[in-house]
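Engineer: For reference, the structure I am asking about is given below.
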Amino acid sequence: MKWSLVIWLVAQGMVVAAQEKPATPVNEQQLEMQAERDEGITEDDSQWQQLEYLQKHPLNLNAATENDLKDLRLLTDLQISNFLLYRNLLGPLIHVNELQAVPAWDVPTIKRLLPYVTVSDQKSIVENLGERFRNGEQTLLLRLAQTVSTSGEDAKATQSYLGSAAAVLVRYKYNYKNLLQFGITGDKDAGEQFFKGTQKNGFDFYSFHFFARKLGIIQSLAIGDFTVGFGQGLIQWQGMAFKKGAEVLAVKRQGVPLQPYNSAGEYNFHRGIGVTLQKKNLQFTAFGSYRKLNTNLITDSFLNSLEYISSIITTGYHRTLAELNDRNNVQCITTGAALKLANNRSHIGVNVVQYQLSKPLQPGGQAYDQFAINGRNWSNYSFDYSYTFRNMHVYGEVAVDKLLSRAMIHGLLASLDPKVDLAIVYRNINSRYQSLFSNAFTENSLPVNENGCYAGLSIRPVAGWKLDVYMDVFRFPWLKYQVNAPSDGHEYLVQIGYTPNKYLEMYTHFRHETKSINQTDSLPGISPVVPVTRLNWRTHISYRLNKIVELRSRVETVWYARNQKQKETGFLFYTDVYVKPAFKPYFFNVRAQYVETDGYNSRIYAFENTVLYNFSIPPLFNKAFRYIVNVNYRLKNRSLIQQRKLNCLFSFSLAQTIYPSHSTVETSKSLMEAYNKFDTKLQVILSRR
């Protein structure tokens with residue numbers, strides 16, 4: 001029976017096996033929307049590293065566990081649950097085309113997954129510890145980046161920097177089949193000193209990690225730097241996680257509790273030891289962390305010079321004397337645990353996280369800060385669950401903080417039809433609820449002061465066409481930064497995608513968002529709250545001319561209005577050319593881009609590829625021309641390299657932005673300054689098996 005099914009699926013000649021090259025291992029649209037929402041980009045490239053590794057060492061689906069599939073971050077929990085039930089019922093897979101028979105698995109999902117998985121009857125072998133230390137892959141990455149600007153404004157802003165304008169990253173990593181990983185990272189940001197002054201030890205930031213998996217009852221062992229993710233992120237989630245985006249079903253936080261950390265970000269991780277133990281259906285995770293935080297300290301002259309924390313600094317920059325004074329000035333001890341009972345269909349879990357700071361947090365005098373964390377100690381507790389019934393998956397988390405303020409998230413993922421998928425998320429987060437190192441599916445950057453309901457629908461009416469729609473309605477019961485009253489808002493997106501064959505892919509989407517903000521041109525006193533509307537229309541086309549050349553073009557328009565006044569518009573156009581000759585050691589891509597906006601409020605974000613494991617999403621505004629050139633060269637056919645099984649990838653990236661006119665900030669708005677800005681990156685990756 002099963003062989004008949006496999007033969008029929010293979011005979012259909014589906015395009016799932018026709019993927020010639022994997023797409024960029026990061027979701028560009030999700031990252032662009034995250035940058036727009038948070039006005040910044042993540043430095044966590046762990047998923048990119050993981051998927052690049054799996055391209056060379058694919059995951060065997062016949063031996064993959066639930067945690068292995070979650071680590072991919074390419075599948076929903078409904079798809080994972082259905083796959084495990086299918087494999088348990090019908091046995092190991094015979095061919096990748098058999099994945100089409102798994103409920104809730106569609107062809108686009110399978111195509112996206114294929115570069116990183118394989119189907120084999122090879123049994124999973126538990127290697128001894130010596131094998132893990134001897135036969136892994138070693139990688140050394142060296143990256144040098146620098147921005148040069150002829151702008152007088154930029155020169156004035158950087159004249160107080162103590163170090164050079166160069167940014168340096170060095171990262172060594174050892175990986176054996178993801179069962180054993182260890183390495184060290186050193187990072188210097190632009191403007192920081194290097195082997196001199198306050199940085200006599202070299203890099204401003206060092207990170208070490210040691211991570212082992214599947215050591216008997218020990219599922220994960222983390223020593224050094226690692227990230228923690230519990231439940232749906234209401235009390236703890238440090239790994240990469242997206243909010244709303246064109247992937248309308250990517251609404252659930254999923255992943256294993258502990259993950260190794262070796263990125264350049266200097267805030268969102270723990271430093272200490274963590275372990276996950278598993279016996280049959282029972283899983284227990286515990287961790288302890290001691291690290292120093294960068295904070296703004298204020299001395300209270302009325303309380304015998306007592307110092308307190310006014311804010312925690314997350315940027316990691318230590319370029320000036322003022323930034324150095326805030327460096328590592330508070331000790332933070334964090335402990336946490338999670339107990340989880342699970343099977344293929346469901347799970348229930350309880351989680352706890354506690355913090356102890358060497359100096360107390362004290363909220364500022366602003367009204368919106370009234371319920372912020374106060375004191376040296378804080379704690380959060382939660383209960384989370386999930387259950388799969390046929391093609392429906394429900395999940396959620398209910399949390400409380402130290403003061404018993406409540407927060408909850410509940411969600412539903414359902415495959416209504418082989419061509420229709422649905423996602424619903426309800427959240428209710430008390431205005432008094434507070435947490436650290438959390439990241440839930442919310443409109444706010446942190447889970448605080450928010451009620452809302454999200455609904456997303458993905459429809460594939462006929463082959464090659466896809467319609468994604470979501471709508472989110474939210475309310476903020478208390479004041480926010482730059483919002484002097486309780487407020488509400490809504491957002492919706494409609495995206496149509498068309499992929500008739502493996503050569504052409506295009507989509508167009510329209511996005512509408514309305515929120516509230518203080519009116520800036522009001523009379524003295526309390527500023528009234530007015531609505532702000534932002535409309536976005538984008539059309540993107542990718543066309544593969546042949547096996548060597550691919551073209552990508554985008555047109556995007558933005559309309560912005562505050563209280564039906566202060567209207568701005570923005571326009572962006574770019575074209576990319578990707579060239580990757582077969583059997584050649586080099587490949588490159590070039591972009592030409594033009595942007596014109598009426599101001600910063602109508603800025604546009606566009607993902608930019610640079611060197612491997614690195615990208616840029618700068619805010620684009622005013623009038624500017626920009627071009628990007630990325631060149632890569634891989635050494636091969638060298639006898640010494642072949643004998644030692646060495647690979648070497650050289651990458652160079654150059655981007656220039658030309659501003660023909662720009663209003664200066666320091667002087668009159670009528671004074672115009674034309675200037676150029678160069679961004680350069682040089683990277684070398686050495687790897688040895």
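The values are calculated or read from the model by the stated rules, or taken from the named source; none is laboratory data. The shown structure was predicted, so the numbers you read here are calculated from the model rather than taken from an experiment. Don't worry about glycine lacking a Cβ; one is built from the backbone with ideal geometry, like all the others, and counts go over all protein chains shown. Only protein heavy atoms, including side chains, enter the accessible area calculation; ligands, DNA and RNA are left aside. Shrake-Rupley method; radii C 1.70, N 1.55, O 1.52, S 1.80 Å.
Engineer: Take the residues of the range 111-145 that are farther than 29 Å from residue 649 by Cβ and not in a loop (DSSP other than H, G, I, E, B): which is modelled with the highest pLDDT?
Structural biologist: 130
Engineer: So, of the residues in the range 110-120 that are more than 18 Å from residue 48 (Cα to Cα) and out of contact with any strand residue (DSSP E or B) (no Cβ under 6 Å at 6 or more places or on another chain), which turns out to be surrounded by the fewest Cβ atoms within 10 Å (Cβ to Cβ)?
Structural biologist: Looking at residues that are more than 18 Å from residue 48 (Cα to Cα) and out of contact with any strand residue (DSSP E or B) (no Cβ under 6 Å at 6 or more places or on another chain), I get 119.
Engineer: Tell me, please, whether a residue that is at pLDDT below 75, farther than 30 Å from residue 167 by Cα, small (Gly, Ala, Ser) and open to solvent by less than 60 Å² (accessible area, probe 1.4 Å) can be found in the range 17-38.
Structural biologist: Checking the range 17-38: at least one residue is at pLDDT below 75, farther than 30 Å from residue 167 by Cα, small (Gly, Ala, Ser) and open to solvent by less than 60 Å² (accessible area, probe 1.4 Å).
Engineer: Quick one: which of 185, 227 is over 30 Å from residue 468 (Cα atoms), modelled with pLDDT of 95 or more and surrounded by fewer than 23 Cβ atoms within 10 Å (Cβ to Cβ)?
Structural biologist: 185
Engineer: Say we look at the range 455-511 and pick out the residues that are open to solvent by less than 70 Å² (accessible area, probe 1.4 Å) and acidic (Asp, Glu); which of these is farthest from residue 248 (Cα to Cα)?
Structural biologist: The residue in question is 491.
Engineer: Within the range 364-416, can you find the residues that are more than 30 Å from residue 248 (Cβ to Cβ), more than 26 Å from the chain's Cα centre (by Cα) and open to solvent by 60 Å² or more (accessible area, probe 1.4 Å)?
Structural biologist: 365, 366, 368, 370, 374, 376, 377, 402, 403, 404
Yes/no per residue for (1) touching a strand residue (DSSP E or B) at 6+ places or on another chain (Cβ under 6 Å); (2) among the aliphatic types (A, V, I, L, M); (3) within 30 Å of residue 65 (Cβ to Cβ); (4) assigned to a helix (DSSP H, G or I):
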site	(1), (2), (3), (4)
284	yes, no, yes, no
293	yes, yes, no, no
307	yes, no, no, no
318	no, no, no, no
377	yes, no, no, no
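Engineer: Let me ask something else about it. Do we find that residue 582 is surrounded by fewer than 16 Cβ atoms within 10 Å (Cβ to Cβ), out of contact with any Leu (no Cβ under 9 Å at 6 or more places or on another chain), assigned to a loop (DSSP other than H, G, I, E, B) and touching a residue at least 12 places away in the same chain (Cβ under 8 Å) in this structure?
Structural biologist: Yes, satisfied.
Engineer: In the range 357-377, is there at least one residue being closer than 30 Å to residue 76 by Cβ and of a type in the set (S, T, N, Q)?
Structural biologist: Scanning the range 357-377 turns up no residue that is closer than 30 Å to residue 76 by Cβ and of a type in the set (S, T, N, Q).
Engineer: Residue 310 fails exactly one of the following numbered conditions: (1) over 23 Å from residue 233 (Cα atoms); (2) open to solvent by 70 Å² or more (accessible area, probe 1.4 Å); (3) hydroxyl-bearing (Ser, Thr, Tyr). What is the number of that condition?
Structural biologist: So the condition that residue 310 fails would be (2).
Engineer: Do the conditions hold for residue 433, that is, is it of a type in the set (Phe, Trp, Tyr), open to solvent by 30 Å² or more (accessible area, probe 1.4 Å) and either under 24 Å from the mean Cα position of the chain (by Cα) or under 27 Å from residue 331 (Cβ atoms) (or both)?
Structural biologist: Spelling it out, it is not the case that residue 433 is of a type in the set (Phe, Trp, Tyr), open to solvent by 30 Å² or more (accessible area, probe 1.4 Å) and either under 24 Å from the mean Cα position of the chain (by Cα) or under 27 Å from residue 331 (Cβ atoms) (or both).
Engineer: Also, I was wondering about something else. If you go through the range 482-503 one residue at a time, how many are under 27 Å from the mean Cα position of the chain (by Cα) and free of Cβ contacts under 8 Å to residues at least 60 places away in the same chain?
Structural biologist: Residues meeting the conditions: 9.
Engineer: Identify, from the list 164, 160, the residue that is modelled with pLDDT under 90, open to solvent by 10 Å² or more (accessible area, probe 1.4 Å), among the hydroxyl-bearing types (Ser, Thr, Tyr) and assigned to a loop (DSSP other than H, G, I, E, B).
Structural biologist: 160
Engineer: Quick check on the range 257-280. Is at least one of its residues under 26 Å from residue 404 (Cα atoms), in contact (Cβ under 8 Å) with a residue 24 or more places away in the chain and in a strand (DSSP E or B)?
Structural biologist: yes
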